Amino acid sequence: WRCFRMRYITILIFILTLNIFSDTLYNFENENDEARFNSLIKDIRCPKCTSGSLSSSNAPISEDLKLKIVEMIKDDMTDQQIKEYVSSRFGMESLYEPVLNKNTYLLWYSPFILLFLALSLFIFRKSS
């Protein structure tokens, strides 16, 4: 029993000390930059994955893009500038919330138009 207990304690100490030797993957100067990074990688799609965000992807291209985002944050670029870089490099569909412009009017206003049509059809159907 004593030998078994010593092995158990040795394994437990080894597992608990593994974290001492770990290092962060992305080094930031302050917590605000880290929060911005986490927010950005949740708002940007992985270029390779079908519907996943950068935060949920381990694809090599998404890891490279994360490193580029860290570099741009350290260069004091705004979130908008970073999103513009990503959309110019990978297309507008790389953002979960595309900008409002003449190419995306239908995307932004179609839910309201469909809701209005459905409600008006429901109201006029009841009255007749």
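Give a residue-ordered list of calculated ³J(HN,Hα) values for the stretch 111-117 (Karplus: 6.51 cos²θ - 1.76 cosθ + 1.60, θ = phi - 60°; whole Hz; x for Gly, Pro).
So the J values, rounded to whole Hz, are x, 6, 5, 5, 5, 4, 5.
Taking a threshold of 19 Å on the Cα-Cα distance, which of the pairs LYS42/LYS83; LYS48/LYS68; LYS42/LYS66; LYS48/LYS74 fall above it?
Cα-Cα > 19 Å for LYS48/LYS74; rest within.
Counting other Cβ atoms within 10 Å, keep those with at most 13, restrict to DSSP loop, and tell me which chymotrypsin sites (Phe, Trp or Tyr not before Pro) in the stretch 98-128 are left.
Sparse-neighbourhood loop chymotrypsin sites (Phe, Trp or Tyr not before Pro): none present.
Order the following by accessible area, largest value first: SER39, SER57, SER51. Probe radius 1.4 Å; ligands, DNA and RNA are ignored.
The ranking, largest first, comes out as SER51, SER39, SER57.
Against the longest principal axis of the chain, how steep is helix 60-74, in degrees 0 to 90 to the nearest 10, with axes from Cα atoms?
Computed tilt is about 90 degrees.
Just grab the label-to-label distance for ILE11 and TYR26, each label 7 Å out from Cα along the Cβ direction, in nm (one decimal).
3.6 nm
Residue-wise, which Karplus ³J(HN,Hα) couplings in Hz belong to the stretch 25-42, taking 6.51 cos²θ - 1.76 cosθ + 1.60, θ = phi - 60°, and x for glycine or proline?
Going residue by residue, I get 6, 10, 9, 10, 6, 8, 6, 5, 5, 5, 5, 4, 4, 5, 5, 5, 6, 7 Hz, with x marking Gly and Pro.
In Å, what is the Rg of the alpha-carbon atoms in the stretch 1-121, and how long is Dmax?
Cα-based Rg and Dmax for the stretch 1-121 come out at 22.5, 79 Å.
The values are calculated or read from the model by the stated rules, or taken from the named source; none is laboratory data. Model, not experiment: these values are computed from the prediction. All Cβ positions, glycine included, derive from the backbone under ideal geometry; neighbour counts span all protein chains shown. Accessible surface areas use protein heavy atoms only, side chains included; no ligands, DNA or RNA. Shrake-Rupley method; radii C 1.70, N 1.55, O 1.52, S 1.80 Å.
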